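K.L.:
If you scroll down you'll find the structure; I have some questions about it.
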């Protein structure tokens, strides 16, 4: 629906000053590195484009100010420790994207596309606060690799805000493919108003 690009020069400078200190190499390549040359040709060793789901108003605010660790986990929790959570699959970040209820973009959600210094990540497979371990080992971030364990996703947790530059905010409407909805899940409703409504499910329904 909409897309915004960050023009925050001080924020970009902070990020590039941090990447200049990286020793180089790419021990782990995020899946987004497999994208086309048009997207990735600006990236250096250790960098990746990663996603962060939120509501549209917050996404615009983050473009202006960057991420703040003191806000980390307030609405979604901290499965692998206290930090900025990004994902290489937009479908994972979409799980955290929220309706901008009461904001400037009602009915819409947002994904931030972030230029990120993944560097040499501290890879873990179980939930827990792994930030201290990663810092003591001299790693650049934590990679929560649930893909290997339960075939879901990998998430990257950054404990240094300067390693993440929110470059784009993509505002979108979540739309489901009706042809993939089982017949027994379809319901006809009447008299609903607004974006939020309630329905009664039959006994035995779950998830």
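What follows draws every value from the coordinates through simple rules; no lab data is involved. This one's a predicted model, so the numbers in the text were calculated from it and none came from an experiment. So basically every Cβ, Gly included, is an ideal-geometry build from the backbone, and we count neighbours across all protein chains shown.
K.L.:
Classify the stretch 1-98 as rounded, prolate or oblate from the Cα gyration tensor: take a ≥ b ≥ c as the square roots of its eigenvalues, call it rounded if a/c is under 1.5, otherwise prolate when a/b beats b/c and oblate if not. Intermediate values should be presented prior to the final figure.
P.N.:
On the way: a/c = 1.37, a/b = 1.31, b/c = 1.04.
Cα axes put the stretch 1-98 in the rounded bin.
K.L.:
If you don't mind, there's one more thing I want to ask. Taking only the alpha-carbon positions of the stretch 2-185 and ignoring solvent, what does the Debye formula give for the base-10 log of I(q)/I(0) at q = 0.12, 0.14, 0.15 Å⁻¹?
P.N.:
-0.57, -0.77, -0.89
K.L.:
Kindly list the residues of the stretch 149-177 that lie in the label zone of residue 20, defined by a backbone N under 17 Å from the point 7 Å along the Cα-to-C-beta vector.
P.N.:
Within reach of a label on residue 20, which here means backbone N under 17 Å from a point 7 Å along Cα→Cβ, the stretch 149-177 contributes 162-165.
K.L.:
Sort 162-171, 146-155 for me by packing, meaning the mean count of neighbouring Cβ atoms within 10 Å per residue, highest on top.
P.N.:
On the way: 162-171: 21.7, 146-155: 14.3.
Highest to lowest by the protection proxy: 162-171, 146-155.
K.L.:
Quick one: what Rg and Dmax do you get for the stretch 140-182 from the alpha carbons, in Å?
P.N.:
Gyration radius and largest Cα-Cα distance of the stretch 140-182: 16.2, 45 Å.
K.L.:
At 0.36 nm per residue, minus the direct Cα-Cα distance, what do residue 183 and residue 61 gain on full extension? Give it in nm, one decimal, please.
P.N.:
On the way: separation 122, 0.36 × 122 = 43.92 nm, distance 4.10 nm.
Gain on extension, residue 183 to residue 61, equals 39.8 nm.
K.L.:
Rounded, prolate or oblate: pick one for the stretch 94-155, where a ≥ b ≥ c are the square roots of the eigenvalues of its C-alpha gyration tensor, a/c under 1.5 means rounded, and failing that, prolate if a/b is larger than b/c, else oblate. Don't skip to the answer; put the middle values down first.
P.N.:
Values: a/c = 2.76, a/b = 1.98, b/c = 1.39.
Prolate, because a/c is 1.5 or more and a/b exceeds b/c.
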